[in-house]
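Down below is the structure, laid out as structure tokens.
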Amino acid sequence: MDLRIFTEPQLGATYDTLLTVAKASEELGFDAFFRSDHYLTMGDVSGLPGPTDAWTSLAGLARETKSIKLGTLVSPVTFRLPGPLAIQVAQVDAMAGPGRVELGLGTGWFAAEHAAYGIPFPEKRFDLLEEQLQIITGLWNTPDGESYTFKGEHYTLTDSPALPKPASTPHPPIILGGGGPKRTPRLAATYASEFNTSFQSFKDSERLFGTVRDAVAANGRRADSMVYSAALTTCVGRDEAEITRRAAAIGKAPAELREAGLAGTPSEVVDKIGRYTGIGAQRLYLQIIDLDDLDHLELIASEVLRQLK
């Protein structure tokens, strides 16, 4: 089971904070450092000093870390046009070195952040997602010296040189998620190397993994060509007092986190990870809200990650 650190910078984090957490994650042996892609905070949180752009910050992290994988969970298709996004991700991939950058892509859902920064928020966002997947993979897969043309309902590309090419071969992995029963599994089976369930219940994750497995088989892919993952709010403590303190720091109750997230003592957390392994999950994204609590990462690395290895 891979364990990845997943952060929510829109709740309040500078680039320097992200760099500190990314470097700590790398040194402690976590598989990856991921971040959300949002421009506005949620809930009763100030979000100060303000948002950091996901791919700008990942470009910096690519140069200031050595081996840890980097990516988004997930970039909304509403934020960027597909051609420039393909260029951005390919460039960050080159800056990091092959095999380190991954693109999580989704429809976007938070209307308020679009209104706050003048970003259109159309209704047919799933159609945008499908066309962006076609375009991004089409650009990356176009052979050197050839051009790429696409005409869809939402985007048109004419004689693109399809450059730059990513450093990773054949291209950075694409992560898709969602709860749709038909279209999401089809898109995942067509374009993704990983399917993720973010903050779904255990039973819903099990069900969604099954629908994607069926779609992968129907698409003629090998079963082992798809990675299955889940994202869970994480709160680990050596004892009940530490669990309660960490839960309070992020405005949650321990019981709520134990039920819906990944919380408890290290032994409790290892047991729950085992349950996810049993339904086919190969990777967990540990949503860490309090980015100043580096002892939390050290505890997870020494008492949870160590047992999984």
- Item | Mean accessible surface per residue for segment 18-162, computed with a 1.4 Å probe while every protein chain stays in place, in Å² | 43
- Task: Express in nm, to one decimal, how much length is gained between ALA255 and ARG183 on full extension, taking 0.36 nm for each residue of separation and deducting their alpha carbon distance.
- Result: 22.5 nm
- Task: Please give the contour-minus-distance gain from ALA223 to GLU64: 0.36 nm per residue of separation, less the Cα-Cα distance, rounded to one decimal in nm.
- Result: 53.7 nm
- Note on the structure: The answer for segment 179-271, accessible area per residue at 1.4 Å probe in Å², is 47
- Efficiency of FRET between ARG275 and THR156 - r from beta-carbon atoms, R0 41 angstrom, step 0.05: 0.30
- Paramagnetic reach from ASP2 (point 7 Å along Cα→Cβ, amide N under 20 Å) across segment 81-119: 89-106
- Got a sec? Which residues in segment 120-145 would a label at THR190 touch, if it sits 7 Å along Cα→Cβ and we count backbone N under 14 Å? 126-138
- Return the carbon/sulfur percentage of the accessible area of the chain, one whole number, probe 1.4 Å, all protein chains in place. 53
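Which of the three applies to segment 80-224, rounded, prolate or oblate, going by the alpha-carbon gyration tensor with a ≥ b ≥ c and a/c under 1.5 meaning rounded?
oblate
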- Query: By per-residue mean of other Cβ atoms within 10 Å, what is the highest-first order of 72-85, 153-166?
  - Reply: 72-85, 153-166
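Just reorder THR41, THR197 by solvent-accessible area, largest first, 1.4 Å probe, all chains present.
Descending accessible area places them as THR41, THR197.
What FRET efficiency comes out for the pair ARG306/LEU40, r = Cβ-Cβ distance, R0 = 35 Å, nearest 0.05?
Details: r = 37 Å, r/R0 = 1.06.
Calculated transfer efficiency: 0.40.
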- Honestly segment 1-79 on the Cα gyration tensor test (a ≥ b ≥ c root eigenvalues; a/c under 1.5 rounded, otherwise a/b vs b/c for prolate or oblate) is just prolate
- Message: List the lysines whose Cα sits under 27 Å from the Cα of LYS124, skipping any in the same chain fewer than 8 residues away.
- Response: LYS151, LYS182
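Given the peptides 130-143, 108-121, 244-257, arrange them by the average over their residues of other C-beta atoms within 10 Å, most packed first.
Taking the mean over residues of other Cβ atoms within 10 Å, the ranking is 130-143, 244-257, 108-121.
The values are calculated or read from the model by the stated rules, or taken from the named source; none is laboratory data. Model, not experiment: these values are computed from the prediction. As a convention, Cβ positions derive from the backbone with ideal geometry for all residues, glycine included, and neighbour counts pool all protein chains shown. To get the accessible areas, we keep the full protein, side chains included, count just its heavy atoms, and leave off ligands, DNA and RNA. Shrake-Rupley method; radii C 1.70, N 1.55, O 1.52, S 1.80 Å.
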